[in-house]
Amino acid sequence: MGSIQDRLTKLLGRDRVLHSPDALLAWECDGFTVHRGRPLAVVLPDSTAEVQAVLQLLHAAEVPFVPRGAGTCLSGGPTAAGDAVVVDCSRMRRVLEVSTVDLYAIVEPGVVNLDLTTAVHEHGLHYAPDPSSQSVCTIGGNLAENSGGPHCFKYGMTTDHVLGALVVLPDGSLARLGDTAGPRAPHGLDLAGVFTGSEGTFGIATEITVRLSRDPEAIRTLLASFSTMADACRTVSDIVAAGLVPAALEILDRATIRAVEASVYRAGYPEDAAAVLLVELDGPELVVAEETEEIAAITQRHDALRLEEASDPKERKRLWKGRKGAFGAMGRLNTDLYVLDGVVPRTRLEDALNGIEAIAQRYEVVLTNVFHAGDGNLHPNISFDGRDPEQVKRVVAAGKEILELCVELGGSITGEHGVGTEKIDHVPMMFRESDLEVMARVRGVFDPTGRCNPGKAIPERNACAEPAKWPQMVARVLDETEETFGPDGGRAP
């Protein structure tokens, strides 16, 4: 029959199946560079039918596979072991349908997040979830990780904007989850919600239906600088306590400010500040004007050094440039970057940051902080030299303690980056054995053989080896999907 690489090449052609060692280098890791693995091969399908054919072939050969988008994930989610094939969906980048009346778009998984907003901008619409990597990350990857972003404080995570998906399951069969009318029928199971955030362990979404949002009447962006991080954090708490819901509340610390200002992402942030708070308000003009005054008063009560307001779209873009480019600016500090994403209650931000700083000093690592302050989603960034095993050891140990601290303060080990392989050993910090058993059973519904992105999200357990039975609802969804789309996965006319 030939090797699996030969059979995949026969299916897709030589230019869309990569398996030479040098060609596979780009797929060895994602944004979490601590964990690396060279896959058996990389395939580049460009349609639902081709994804089906690939998964059917791999299923028959009992070969595991790993779904992948742009590779911007920060937890090792799309990193493959040597016995797995990477199914890279980056060629599938068509916007299939846009409804300006019902406010939705149907896109392929390789559509870049920002490109979707660009595609609907002329209609006065946008796609709300905006990860910091939105200029390169894909909708398929966002779906897998349930990505957030600066504007998730007001508008929610990816799951709040996903209406449905056409999914190729690990055996190559099709399932339609949700619909343009919503993620579930009345009194039905929210299968689209279950799939979102499953970290590529349930199958591959080849068509994703997302909610579009109307552009607001007015937008105002403010930058407040403070002499202490405590003043910045207390300002955030008071803004929320006042009943205000800004579109975004972002904080950068002094080390991040200085890295940004020394880079191509320079935005004019005051380098003498211990912290800057980026606040964005949107909505009706009169409401935004009133809220701007309220927030200005709150920043004054907390001794803001300076308050700057963007006067036009160009200025707004400048203020955001530093925040959006913060992770890129970290490249000036060292060769590698470990970006954590623990979560704590807003009222514990000060405690968390003080504890994180103490951990960094104890392990002698270079730490910077930039985070979604509105929902307590911290991003402690540790810069290090990945070529130095001793440094890597200290970095990983510091990361573990930081996540333990977040859980102790009433938070979580991840807010938007996922578990992947990075936090696979830390999951028991939050979940009991009985919790993990339920997770394994749900995963087994979609992937009974355990070959879809193995070793990710849920720690390996003996109970995981026993496949769960297909619930009646899932079986019905599969049957209806087959009737609607046919065996080749083509869309109904």
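The values are calculated or read from the model by the stated rules, or taken from the named source; none is laboratory data. The structure presented is a predicted model; accordingly, all values stated were derived computationally and were not measured. As a convention, Cβ positions derive from the backbone with ideal geometry for all residues, glycine included, and neighbour counts pool all protein chains shown.
Descriptive notes on the structure:
- Test: residue in the stretch 207-223 that is within 30 Å of Thr449 (Cα to Cα) and touching a Gly at 6+ places or on another chain (Cβ under 6 Å): yes
- Identity of the residue in the stretch 433-473, at pLDDT 95 or above, assigned to a loop (DSSP other than H, G, I, E, B) and among the charged types (D, E, K, R), that ends up nearest to Ser198 (Cα to Cα): Lys456
- Residue check for Val194: surrounded by fewer than 20 Cβ atoms within 10 Å (Cβ to Cβ), modelled with pLDDT of 95 or more and assigned to a helix (DSSP H, G or I): yes
- The stretch 324-338 residues that are of a type in the set (Val, Ile, Thr), paired with ones that are crowded, with 19+ Cβ neighbours inside 10 Å (beta carbon under 7 Å, 6 or more apart): none
- Single residue of the stretch 258-270 satisfying the filter (closer than 14 Å to Ala326 by Cα and either in a loop (DSSP other than H, G, I, E, B) or modelled with pLDDT under 95 (or both)) that is nearest to the chain's Cα centre (by Cα): Tyr265
- Across the stretch 158-190, the number of residues qualifying as at pLDDT below 95 and of a type in the set (A, V, I, L, M) comes to 3.
- Here is the figure for the stretch 8-46: residues that are touching a Ser or Thr at 6+ places or on another chain (Cβ under 8 Å) and either in a strand (DSSP E or B) or closer than 23 Å to Leu174 by Cβ (or both) total 2.
- Where strands (runs of 3 or more DSSP E) fall entirely within the stretch 51-159, those with at least 3 residues that are buried (at least 24 other Cβ atoms within 10 Å of the Cβ) and in contact (Cβ under 8 Å) with a residue 12 or more places away in the chain are at 65-68, 85-88.
- Pairs, first in contact (Cβ under 8 Å) with a residue 24 or more places away in the chain in the stretch 439-462, second among the aromatic types (Phe, Trp, Tyr), C-beta under 6 Å, six or more apart: Phe446/Phe202
- Matching residues, the stretch 394-424, being assigned to a helix (DSSP H, G or I), small (Gly, Ala, Ser) and touching a helix residue (DSSP H, G or I) at 6+ places or on another chain (Cβ under 8 Å): Ala397, Ala398
- Residue ranges of helices (runs of 4 or more DSSP H) in the stretch 283-335 with at least 2 members closer than 18 Å to Val370 by Cβ: 313-324, 326-329
- When every residue of the stretch 229-239 is checked against the conditions, none turns out to be over 30 Å from Pro45 (Cα atoms) and part of a strand (DSSP E or B).
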